[in-house]
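As structure tokens, the structure follows; a few thoughts come after it.
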Amino acid sequence: MNIVVCVKQVPDTWAEKRLSDSDKTVDREGVEGVMNELDEYAVEEALRIKEAGGDGTVTVLTMGPDKAVETIRKALSMGADQAVHVVDDALHGSDALATSNALAKALGTIEYDLVILGVESTDARMSVIPAMLAERTGAAQLTFARKVEVSGTTVKIERQTDTGYDVVEASTPAIVSVVEKINEPRYPSFKGIMAAKKKPLTTLTIADAGVDGGSVGLAGSGTEVAEFAARPPKQAGQIVKDEGDGGAKLAEFLASQKLV
Amino acid sequence: MTDVWNTPERVALRQTVRDFTVREIVPYLDQWEDDGEVPRSLHKAAAAAGLLGISTPESLGGQGGDAIDNMIVQEEMLYTGASSGLLSALFTHGIAIPHILHSGDRYLIDRYAKPALAGEKIGSLAVTEPDAGSDVSAIRTRAVRDGDEYVVNGAKTFITSSTRADFVTTVVRTGDEAHHGISLIVVDTDSPGFTVVRRLRKMGWLCSDTGELAYVDVRVPARNMIGGEGSGFGQVATQFGGERLGLAVHAYGVAQRALDLTIEHVRNRIAFGKPLIAKQVVRHKLVEMTRAVDVSRTYAHTIAERIVNGEQGLFAEAAMAKNQCVEACEFVVNEAVQLHGGMGYMRDSEVERHYRDARILGIGGGATEVMNDLIAKALFG
């Protein structure tokens, strides 16, 4: 089974994130980039499926600036076989629609049965790329998986819901997004880190991937960040002093907030 | 000049070590200190992450790195909040199996070294006896050949990880000559006649179990002897160099951690209306601590680089690195407790643990005085 894992380099989870004043995109220069945490689970799941099946390849796919190669290297260190990096200045500022367009085109250059992604990235948190990729490629959509079972050309998942889970089944090719409950990602070992240096890495411009320049980037995006502002500082809470009527005052407050 | 300590691969290795330490060690360390030992599951997890045997060739079950990679694993664990006691417990194989690996004996490698590197077996090294510590030539535990076996009788003490061990690489006397009468033999701990007499209670290194061992007519297969009869002293002396450099890493690693914790504390602690770090006496103290750590680390790194570049016989240098780093560590952990004030004396503060743990570093792996004798001999004959 050939599997593609989409990974994304995001600003360090704990770093203070900013938008650039000039074009209102995420400032990726000033902060350390890390692999989007949920993508680690996606890589792990791909490796487990491959190891259980005993054949096929795991290809890492990312779209991002030159620096994103660090995230590719981490996925290769964990054990993925090869990587495709879509890198082009024209991609800067792409929204989810434009990104899914470019990724779908890049997927067209790779042979795959399964595409696995984290359910969302910690920077944009749109959680729509898996569904968009399924739409654009015509592959089955299996999202929010907390468990994946592959048997021949059938993929069965447990889809996490608010109250429990649904069992959803589809034939390959399929796009699977995973939640963090699914596994415990491995650490890149020293051996893996050294082996990653020798693994094939293909770099694609948008022209190589067959992406129309007008359909990506800030100009090619369907959405636009009109304005942004820093989150206002937290307001001091209201303190209720109990003078024998504390309970009544609390009930009054809850009622005024329409909580009871 | 390229910084061999921070190549892209080593930066990635440091990240793996940090992630592992934060997830698998730090949350449980207090519990293990109370338990008096680390669980076997930690050895398995560390093996799965490829952290055991970093500098052992892949053909022998290791990761294929070198002494620099090995030091990076240890220092990064300490910088991230592990302790020297934890390292001594988790990496005991670092002193228990090098002689086996070096011997090239496939039987012993497959039976003991590889399982230790896979986190499946725990090994100890037993040198010290009630009447012989740094003076290895004085040991009395005796192995007498009887057919295809040796019969071992004697006692060992202060043996790290021995209450959990599956095998103990034991220094025994097979002849009467002080040095040439010494041999190394691997003893399975389930052998009849082998007992852990007691678990020793210590000042620090609480999560690292330490045992006193008795050997009463323990029959050990002759093929468990490492190298030939009488080659033990040479093997032990050769591997001591690595152990000493390892303890130097413990010392500067712990010192760096204690320094980091202290800087954080004095930034946050307000006294007389200002953070402590605003006071000149505190600032100067932090500078002295930083200088002690950085100079010590730089020297130890240099020795590792020379070893990786193929230089042999750096025994005096390894011993100097140990003494230099231990002295720096003792200074830094003491000042760290001082600058933490009353909090530094509490069991809840991490520097209190480092202070207790650090005291062994100038004693274990050859005492400071023994190191000085060794250095003097190399310098002045």
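The values are calculated or read from the model by the stated rules, or taken from the named source; none is laboratory data. Model, not experiment: these values are computed from the prediction. Neighbour counts run over all protein chains shown; Cβ positions are idealised from the backbone, glycine included.
Which condition breaks for B:Arg269 when tested against (1) under 30 Å from B:Met343 (Cβ atoms); (2) touching a residue at least 60 places away in the same chain (Cβ under 8 Å); (3) buried (at least 19 other Cβ atoms within 10 Å of the Cβ)?
Exception for B:Arg269: condition (3).
What's the number of the only condition in (1) surrounded by 23 or more Cβ atoms within 10 Å (Cβ to Cβ); (2) within 13 Å of A:Val178 (Cβ to Cβ) that A:Glu158 fails to meet?
Condition not satisfied by A:Glu158: (1).
Considering only segment B:44-58, I want to know if a residue exists there that is closer than 16 Å to B:Ser208 by Cβ and within 10 Å of chain A (Cβ to nearest Cβ).
The answer is yes; a qualifying residue exists.
Restricting attention to segment A:161-194, and to residues there that are in a helix (DSSP H, G or I) and without any contact (Cβ under 8 Å) to a residue 40 or more places away in the chain, which single residue is farthest from the other protein chains (Cβ to nearest Cβ)? If you could, list the steps in order and put the result at the bottom.
Residues of segment A:161-194 in a helix (DSSP H, G or I): A:180-182, A:190-194.
Filter once more, keeping what is without any contact (Cβ under 8 Å) to a residue 40 or more places away in the chain: A:181, A:190-191, A:194.
Details: A:Lys181: 16, A:Phe190: 4, A:Lys191: 5, A:Met194: 6 Å.
Looking at the filtered set, the residue picked out is A:Lys181.
Applying the selection to segment B:12-22, what residues are more than 9 Å from chain A (Cβ to nearest Cβ) and surrounded by fewer than 17 Cβ atoms within 10 Å (Cβ to Cβ)?
Correct list: B:Arg18, B:Val22.
Somewhere in segment B:197-210, is a residue over 30 Å from B:Tyr345 (Cα atoms) and out of contact with any Phe, Trp or Tyr (no Cβ under 6 Å at 6 or more places or on another chain)? Spell out the reasoning first.
Of all residues in segment B:197-210, those over 30 Å from B:Tyr345 (Cα atoms) come to B:197.
Then drop every residue that is not out of contact with any Phe, Trp or Tyr (no Cβ under 6 Å at 6 or more places or on another chain), which leaves B:197.
Among the residues of segment B:197-210, at least one is over 30 Å from B:Tyr345 (Cα atoms) and out of contact with any Phe, Trp or Tyr (no Cβ under 6 Å at 6 or more places or on another chain), which makes the answer yes.
Which numbered condition trips up B:Leu261, out of (1) assigned to a helix (DSSP H, G or I); (2) modelled with pLDDT of 95 or more; (3) crowded, with 21+ Cβ neighbours inside 10 Å?
Here B:Leu261 clears every test but (3).
Only one of these conditions is not met by B:Ile25: (1) over 23 Å from A:Ala195 (Cβ atoms); (2) more than 14 Å from chain A (Cβ to nearest Cβ). Which number is it?
Every listed condition holds for B:Ile25 apart from (2).
Being out of contact with any Cys (no Cβ under 7 Å at 6 or more places or on another chain) and among the hydroxyl-bearing types (Ser, Thr, Tyr) is the filter here, so list the residues in segment B:271-318 that pass it.
Start the filter on segment B:271-318 by keeping residues that are out of contact with any Cys (no Cβ under 7 Å at 6 or more places or on another chain), which leaves B:271-295, B:297-299, B:301-318.
Selection gives B:Thr290, B:Thr298, B:Tyr299, B:Thr302.
Across segment A:195-216, which residue is nearest to B:Ala49 (Cα to Cα) among those that are in a loop (DSSP other than H, G, I, E, B) and either of a type in the set (Phe, Trp, Tyr) or away from every other protein chain (no Cβ under 14 Å) (or both)?
By that ranking, first place goes to A:Pro200.
Which numbered condition in (1) surrounded by fewer than 20 Cβ atoms within 10 Å (Cβ to Cβ); (2) at pLDDT below 95 is the only one that B:Ser191 fails?
Evaluating B:Ser191 over (1) surrounded by fewer than 20 Cβ atoms within 10 Å (Cβ to Cβ); (2) at pLDDT below 95 leaves (2) as the failure.
Sort out for me the strands (runs of 3 or more DSSP E) sitting completely within segment B:133-206 that have 3 or more residues that are among the polar types (S, T, N, Q) and touching a residue at least 12 places away in the same chain (Cβ under 8 Å).
Result: B:149-160.
Which is in contact with a Lys or Arg (Cβ under 6 Å, 6 or more places away or on another chain) and within 30 Å of B:Arg10 (Cα to Cα), of A:Ile182, A:Ile193?
None of the other options fit; the residue is A:Ile182.
Considering segment B:214-251 alone, what residues qualify as being hydroxyl-bearing (Ser, Thr, Tyr), at pLDDT below 95 and within 14 Å of B:Arg173 (Cα to Cα)?
B:Ser231
Any idea which of (1) more than 26 Å from B:Gly211 (Cβ to Cβ); (2) within 14 Å of chain A (Cβ to nearest Cβ); (3) over 18 Å from the mean Cα position of the chain (by Cα); (4) part of a helix (DSSP H, G or I) is the one B:Trp5 doesn't satisfy?
Going through (1) more than 26 Å from B:Gly211 (Cβ to Cβ); (2) within 14 Å of chain A (Cβ to nearest Cβ); (3) over 18 Å from the mean Cα position of the chain (by Cα); (4) part of a helix (DSSP H, G or I) one by one, B:Trp5 breaks only (2).
Quickly run through segment B:63-75 and pick out the residues that are buried (at least 18 other Cβ atoms within 10 Å of the Cβ) and more than 9 Å from every other protein chain (Cβ to nearest Cβ).
Within segment B:63-75, B:Ala67, B:Ile68, B:Asn70, B:Met71, B:Ile72, B:Gln74, B:Glu75 qualify.
Taking B:Pro39 and the conditions (1) facing chain A (nearest Cβ under 9 Å); (2) surrounded by fewer than 21 Cβ atoms within 10 Å (Cβ to Cβ), which numbered condition does it fall short on, given that it satisfies the others?
(1)
Which condition does A:Asp12 not pass, out of (1) over 17 Å from B:Ala12 (Cβ atoms); (2) surrounded by fewer than 20 Cβ atoms within 10 Å (Cβ to Cβ); (3) of a type outside the set (A, V, I, L, M, F, W, C); (4) out of contact with any Lys or Arg (no Cβ under 8 Å at 6 or more places or on another chain), if it passes all the others?
All conditions are met except number (1).
Only one residue in A:Leu97, A:Leu133 is closer than 30 Å to A:Val31 by Cα, in contact (Cβ under 8 Å) with a residue 24 or more places away in the chain, touching a helix residue (DSSP H, G or I) at 6+ places or on another chain (Cβ under 6 Å) and not in a strand (DSSP E or B). Which one?
Going through A:Leu97, A:Leu133 in turn, the sole match is A:Leu133.
Among the residues of segment A:89-104, is there at least one that is at pLDDT 95 or above, surrounded by fewer than 21 Cβ atoms within 10 Å (Cβ to Cβ) and of a type in the set (Val, Ile, Thr)?
There is no residue in segment A:89-104 that is at pLDDT 95 or above, surrounded by fewer than 21 Cβ atoms within 10 Å (Cβ to Cβ) and of a type in the set (Val, Ile, Thr).
Could you list, in sequence order, the residues of segment B:142-166 that are within 21 Å of B:Glu229 (Cβ to Cβ), buried (at least 22 other Cβ atoms within 10 Å of the Cβ) and not charged (D, E, K, R)?
Listed by number, the residues that qualify are B:Ala143, B:Tyr150, B:Val152.
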